[in-house]
1. For Ala63, which of the numbered conditions (1) surrounded by 13 or more Cβ atoms within 10 Å (Cβ to Cβ); (2) in contact (Cβ under 8 Å) with a residue 60 or more places away in the chain fails to hold?
2. Hey, Gly105 hits all of (1) open to solvent by less than 70 Å² (accessible area, probe 1.4 Å); (2) over 12 Å from Gln53 (Cβ atoms); (3) touching a helix residue (DSSP H, G or I) at 6+ places or on another chain (Cβ under 6 Å) but one; which does it fall short on?
3. Can you pull out the residues in region 119-162 that are in contact with an Asp or Glu (Cβ under 8 Å, 6 or more places away or on another chain), among the polar types (S, T, N, Q) and either farther than 18 Å from Gly88 by Cα or open to solvent by 60 Å² or more (accessible area, probe 1.4 Å) (or both)?
4. Return the residues of region 11-36 that are modelled with pLDDT under 75, in contact with a helix residue (DSSP H, G or I) (Cβ under 8 Å, 6 or more places away or on another chain) and of a type in the set (Gly, Ala, Ser); say none if nothing qualifies.
5. For region 176-200, which residues satisfy the criterion of being more than 13 Å from Gln39 (Cα to Cα) and either outside any helix (DSSP H, G or I) or among the hydroxyl-bearing types (Ser, Thr, Tyr) (or both)?
6. I need the full set of residues from region 163-196 which are among the hydrophobic types (A, V, I, L, M, F, W, C) and open to solvent by 60 Å² or more (accessible area, probe 1.4 Å), in order please.
7. Looking at region 25-39 only, could you name the residues that are among the β-branched types (Val, Ile, Thr) and surrounded by fewer than 14 Cβ atoms within 10 Å (Cβ to Cβ)?
8. Only one of these conditions is not met by Leu56: (1) surrounded by fewer than 16 Cβ atoms within 10 Å (Cβ to Cβ); (2) at pLDDT 85 or above. Which number is it?
Amino acid sequence: MPIPVSALIGSPRRLMTAIVLFVVLDLAILVINLWIAEQVAQDAVAINLAGRQRMLSQQTTKALLLTTRPTQGEDLLRSRQETDDAFGLFEQTIKAFAEGGEARGSDGTVAHLQAVQGESAHIVATTRALIAPVSALLAATRDAPDSDRGPAAAYMVSHNQEILALMNRLTTALEHDSVRRTRDLRLIQTGAFALAMVNFLLIVFGMLRRHRSMEEDSRRWQAMARHDPLTGIANRKAFEEAVGAQLSRARMDAQPGALLMLDLDGFKGINDRFGHAAGDTILRAVASRLEAAARATDIVARLGGDEFAILCPLLHGKDDVDQLCERLVTHVLDLPRDNIPGCHLGISIGVALYPEDGYNPAHLQILADRAMYAAKRSGGNRWQIA
């Protein structure tokens, strides 16, 4: 069953939480990117140093062999120094691989290595054990310039291929470890990115939902501002706006029409005798009857109290006015009277026509209102054209 977005982001607090989480995930992705870059750089240094170990092993072997030749003076000292330097750098790098620490690059720069794990650690331990005799032999002869380094040279010659093979394995293992670590970090990065995207979509959906909710609230409030809360039909504000707009169009196109003002007869007595609840029921029923009797294009409104109004665009001539007004009066007279026994209820209607009476909204309402009171003075339940 899908989880509705409203359940995830249903309040400003949840939306803010989602935004904060999105920022945190973005920062996490940035940190992972930096982490990957740093890790790749460290791995590249380690792989480069592992590859250099092969060269140092060969250089150590070659220099040791030179020290066994029957040479004297500077050449011998130079060969012994080269041996010490090459093997010392080899041994220092192997120790850094094993324990973590500093190792020097070929150009003298210092590199910081982390202790290797798994297969790489096993290879490094095997190499340290393998070169331990050479380290001991060189240490024993380092302070004696004339000492014989033949045993060390013989050992390196006999084990050189094994050392090279171990360094090749170390380089390959480090490359595999680097690929694996990078892949794992990429998976974490991808997961964080996926979570960030999901969270981003939730934020978008949440904001859209809140935007729609605000629009719906706005439309609802606008509708409430233009509808009579008791009867549900248009109120005075909506009616006056509609009258102004319709008369402006009618003036441009020279269209005819009518504005009707309606007032209930006998309503005050119903309110006084049966109370406002019964009066409200009557007003709702009258509004419903007026809408039923009016044409689909007409606008029926309650202006306040028991006063109603109807705007009738394109209503042609006295005959059409009479037919409409008769229908309105009949619908009101046919209202059930069971809840107001003994009470008289009717309606008086005043009519102003345009273009005969002009297109001014206020002027038409005054004329229709005067005609309505004339109808009421004549006994009610009738209509009067201004």
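1. (2)
2. The one condition Gly105 does not meet is (3).
3. Across region 119-162, the qualifying residue is only Ser120.
4. Passing the criteria: only Ala18.
5. Thr190
6. Val179, Leu187, Ile188, Phe193, Leu195
7. Of everything in region 25-39, just one residue is among the β-branched types (Val, Ile, Thr) and surrounded by fewer than 14 Cβ atoms within 10 Å (Cβ to Cβ), namely Val31.
8. Result: Leu56 fails condition (1) only.
The values are calculated or read from the model by the stated rules, or taken from the named source; none is laboratory data. Keep in mind the model is a prediction, meaning the values are calculated, not measured. Don't worry about glycine lacking a Cβ; one is built from the backbone with ideal geometry, like all the others, and counts go over all protein chains shown. The protein model used for the area step is the full one, side chains on, heavy atoms only, and it has no ligands, DNA or RNA in it. Shrake-Rupley method; radii C 1.70, N 1.55, O 1.52, S 1.80 Å.
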